[in-house]
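Structure, as structure tokens:
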Amino acid sequence: MRELPEIRQDINRVDSAIRELFLLRMSLALEVAKTKAQSDDKIYKPDREAEIVEKRSAGMEEELQLKYVSLLQSMIRASREYQYSEILRQVPEKFPFKPSESLTEPKTVFYQGVPGAYQELAARALFPNCEPQNVPTWEQVFQSVRDGKADIGVVPVENTTAGTVSEVYDLLLDYDLYINRSYIKKISHCLAAVPGTKLEDVKRVCSHPHALPQCHSFISAHDLEAIEVANTAIAAQNVQKKGDKSLAAICSQEAAVRYGLNILAEGINDMQHNETRFIAVSRTLTCQPEDNRIEIAFHIPNASGTLITVLDTIAHYGIDMTEIHSRPLKDSPWCYVFYVDFTGNMRDHAVQSLLYQLHEELPYIKVIGSYCVPNE
């Protein structure tokens, strides 16, 4: 039996040979890319790749065959990625997404709810020179932007306690709008009631469906009945109108003051680090030099391993994925649209290569946003 150092010397020689052969294969892939850039031939040909894998792995012992197939598929994938990158260098106009480089200040900004809502506060923070206008529902915000009644809509998409606001993501695709700004607001809920109310008078509490679970411990500790309403500020408005001491609202301090309510308790959210991310949506995809986040939505074939292939592709470009979630695909049972958020700028070559590859290889992809997250 040979000694381990001797075996390792042979492994080193094999690894060096593999390295040289890999570099040679990539140089050949580069030649292929230059040819395809002129001929407009497709890079991704799954049937041909399957045939190559089958032929070259034929006759191998089963366990080693599985390992070799994995290695071969990885090399083929690297070759494809290299080709997409090179083709964009040769023919930049092949990049399928054309974001506007101008980001004009809006004249009209819409939000859902009533004055005093967290969405109004976010809208004012994002667009201090505009007077935000309120509408009753998120869908009306999206309709107004799509139809040109509003330049921008401001809506929430995620809370650190309650999670993703799924309806907003559905509306982004339904109304074909784009995210071009993002704002994170620290949320500190208070319990507010009509003047003269004491905490022990309160039996019921109303608020938005996302705000109530954010204050679950407080609600349970005081044995309160939770009532859902469309908005935290609407909750405050309802309490003011009813004038019932047994009913309180979970809302912002600003909403409590606006509607003349007394604050019975402050900071009642379960988690003190409670933040909501708001987005500004418009009719145009934009890309600014300071943007550091991109969000995409895509469908995948309903086959084993397709999602992990997409996620691997993102990782292979050295891009940091920051979020993923899915929503049911309408009229297609057990099929889903995936939303992925990752770091980068659409002017970066690696990002463009990734998006170009996904556009060519997936049945559907849309870039739904390019925006800046502060302190990245």
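The values are calculated or read from the model by the stated rules, or taken from the named source; none is laboratory data. The shown structure was predicted, so the numbers you read here are calculated from the model rather than taken from an experiment. Backbone-built Cβ (ideal geometry, glycine too); neighbour counts: all protein chains shown. Heavy atoms of the whole protein, side chains included, go into the accessibility calculation; ligands, DNA and RNA do not. Shrake-Rupley method; radii C 1.70, N 1.55, O 1.52, S 1.80 Å.
Taken over the stretch 277-319, the criterion of being part of a loop (DSSP other than H, G, I, E, B) and either free of Cβ contacts under 8 Å to residues at least 12 places away in the same chain or of a type in the set (D, E) (or both) is satisfied by E290, D291, A303, S304, G305.
Report whether or not D270 is open to solvent by 20 Å² or more (accessible area, probe 1.4 Å), over 30 Å from V310 (Cβ atoms) and either outside any loop (DSSP other than H, G, I, E, B) or modelled with pLDDT under 95 (or both). It is true that D270 is open to solvent by 20 Å² or more (accessible area, probe 1.4 Å), over 30 Å from V310 (Cβ atoms) and either outside any loop (DSSP other than H, G, I, E, B) or modelled with pLDDT under 95 (or both). I need a count of the residues in the stretch 87-113 that are in a loop (DSSP other than H, G, I, E, B) and open to solvent by 20 Å² or more (accessible area, probe 1.4 Å). Qualifying residue count, the stretch 87-113: 12. Restricting attention to the stretch 60-86, the residues that are open to solvent by 70 Å² or more (accessible area, probe 1.4 Å) and basic (K, R) total 1. Scanning the stretch 122-142 for residues that are more than 14 Å from V281 (Cβ to Cβ) and part of a helix (DSSP H, G or I), we see that the one that is least open to solvent (accessible area, probe 1.4 Å) is A125.
When residues in the stretch 322-367 are screened for being outside any strand (DSSP E or B), touching a residue at least 40 places away in the same chain (Cβ under 8 Å), open to solvent by 30 Å² or more (accessible area, probe 1.4 Å) and in contact with a His (Cβ under 8 Å, 6 or more places away or on another chain), 1 of them pass. The strands (runs of 3 or more DSSP E) found wholly in the stretch 184-256 and carrying at least 1 residues that are open to solvent by 60 Å² or more (accessible area, probe 1.4 Å) and touching a strand residue (DSSP E or B) at 6+ places or on another chain (Cβ under 7 Å) occupy 204-207, 225-228. A residue that is of a type in the set (D, E, K, R) and either touching a Gly at 6+ places or on another chain (Cβ under 7 Å) or closer than 19 Å to T284 by Cα (or both) can be found somewhere in the stretch 339-352.
The residues of the stretch 1-48 that are free of Cβ contacts under 8 Å to residues at least 24 places away in the same chain and either outside any helix (DSSP H, G or I) or touching a Ser or Thr at 6+ places or on another chain (Cβ under 7 Å) (or both), listed by number, are M1, R2, E3, D40, D41, K45.
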